[in-house]
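Since the structure comes first, as structure tokens, the remarks are kept for the end.
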Amino acid sequence: MFGIVRPCTHRLSNGLKAEWMAHLCGLCLALRGDHGQFARVVTNYDGLIVSVLTDAQSGRAAAQRRTAGPCPLRGMRTASVANGEGARLAASVSLVLASAKIRDHVADRNGLLRRRPVAAAARKVAAGWDRAGARTGATLGFDTSVLVDVVDRQVGIEQLAGPGTPLTVITEPTETATAAAFAHTAVLAGRPGNAAPLAEAGRLFGRLAHLLDAVEDRAADAAEGAWNPLTATGASPAQARRLCDDALHGIRLALRDVEFTDSALVHALLVHELRRSVDRAFGTASCSHQGHGAGPYDGGTGNPYGQPQPQPQPYPAPPSYGQAPPSGPYAHGPQHLNGPQNPYAGGAVPQGGQGGFGGVGAMGVTGAMGATVIPAGMGATEATVDMAGMAASAATAALAGLASPTRRKSPAAS
């Protein structure tokens, strides 16, 4: 599976771990229930945040749950899973973005999609998912056309981008899509006043997803001659890191303006784990026992919820080229966020088997909203679930890098 927010199970309490699994399984089952078994391959970490946000605003009393049957990824155990409109919205968003990215990869003739029979199969899958996702979105009052428009506009933006183009210009379509999805959770939860700050949090989340994908894929894209935002604009990793740190702080500020009934899981995912995702992408992760100041971009140590130590700003001046200043009401401020934690550093194995929520492992989920993989450190899922057959199918091959920003051949390579 794919996603930038890959939670660390040994940092989550038993209650939060159960809630996270409820949303993950709920997204997977919503995809199956509305769109068929094969649609479950687009289950992803980031999509479930839509479900988490909806429930966090609705409250435990309004949150819908049902008991799901045994699943290999839960050690053949039943579980209470999310079953409300939030899970269905997450499924619709994930499916439509997957459909758009498949069409984009077909147009770029990436990998196996150079073969006409494979490309034809991928187009058929994409068309079905697009229609199905749009139908589900319509029943929830969500217009999925904004998501399709993202990929269409991304193509033109990347074709025009060059040295000196601000990275925020390139990330704008992704920001728009995630802003729309986050904001609609306020509509579903009956809290329209939350729409504006959630849209801002979603916008910055989309920026992070795009930039982290670019940072992690830069070497591979260079080797393949594929298009990469950092290479195309001449931006340095330090410039990308500055934007990421600004986005992290902006998300935290935006969430303070949201009226939640229960914000514990939202805070764990969008503050703690999202910071960890940035540190992982830039190679600045550190020991899990450290709090503030665990990375080179923060100073001080001690209680991760205490006051940070006084420190100079790590970026005293804006970059000289290739960047735009942070924008939006939440995009400024010092980066006093929680220290990074290692999501796969181990920890005691819970009784009942290795892995996460009471079983042999938890479903793992790689881009913003890829081929399906099970991340190491989440349990023995890799030994119990064989995904090879699914990955070998033509349509699943088309899903590789599904939600990553568009990768086009550079002019030099072509």
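Quick look at the values:
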| read-out | value |
| --- | --- |
| Restricting segment 217-235 to residues that are part of a helix (DSSP H, G or I) and surrounded by fewer than 18 Cβ atoms within 10 Å (Cβ to Cβ), the residue that is modelled with the lowest pLDDT | E224 |
| The lone exception for A201 - which of (1) at pLDDT 90 or above; (2) surrounded by fewer than 24 Cβ atoms within 10 Å (Cβ to Cβ); (3) assigned to a helix (DSSP H, G or I) it fails | (2) |
| Qualifying residue in segment 108-126 (condition: buried (at least 21 other Cβ atoms within 10 Å of the Cβ) and acidic (D, E)) | no |
| Single condition T165 does not satisfy, out of (1) surrounded by fewer than 22 Cβ atoms within 10 Å (Cβ to Cβ); (2) of a type in the set (S, T, N, Q); (3) within 20 Å of R256 (Cβ to Cβ) | (3) |
| Residue list for segment 11-25, filter: at pLDDT 90 or above and among the aliphatic types (A, V, I, L, M) | L16, A18, M21, A22, L24 |
| Selection status of A82, within 16 Å of the chain's Cα centre (by Cα) and crowded, with 20+ Cβ neighbours inside 10 Å | no |
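The values are calculated or read from the model by the stated rules, or taken from the named source; none is laboratory data. Quick caveat, the model's predicted, so the values are computed rather than measured. A quick note on method: Cβ atoms are made from the backbone with ideal geometry, for glycine too, and the neighbour counts reach across all protein chains shown.
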